[in-house]
Structure formats: C-alpha cells, structure tokens
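Taking it in order: structure first as structure tokens, then the write-up.
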C-alpha cells in the first residue's frame, strides 16, 4: 500500500491528506488548488488512520485541541 502524505496548504497552512501518487488537491479549508509537488510535506503514514492520528498530534502541539 502506498503511503498517505500529510501536507500543509501553501495558502492557509491547513493540514491535508493525499495519496503518494496524487499530483493536485483542493484544500478543504480555503478552496485553493494545490500542486502537491510544491506543498510542504510534514509527514507520511502507512494508512489513513495513522495519518489522522499524526494530524491530531500536530494540531494539539499548536494549541488546536478540540476537547471542551
């Protein structure tokens, strides 16, 4: 299975998940079309669940904790 990449949007800085072979994606936060070859790669994971856990940890480190 190809790894799942965790990238940062080049406009808003939001975290995006993408398959390794994917070339472009629309940011779900700001709507810009991103060339994934130019995006900032933050991490990679073996599956979507692991990628989601990495994003949760990154957001918690930056103070974006969703717990009440």
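The values are calculated or read from the model by the stated rules, or taken from the named source; none is laboratory data. Remember, predicted model here, so these are calculated numbers, not experimental data. FYI the Cβ positions are ideal-geometry reconstructions off the backbone, even for glycines, and counts take in every protein chain you see.
Hey, could you check the stretch 1-18 for residues that are part of a loop (DSSP other than H, G, I, E, B) and either in contact (Cβ under 8 Å) with a residue 24 or more places away in the chain or more than 10 Å from the chain's Cα centre (by Cα) (or both) and say which is farthest from residue 51 (Cα to Cα)?
The qualifying residue farthest from residue 51 (Cα to Cα) is 11.
Return the only residue of 51, 44, 21 being modelled with pLDDT under 90 and out of contact with any helix residue (DSSP H, G or I) (no Cβ under 7 Å at 6 or more places or on another chain).
Criteria check complete, one pass: 21.
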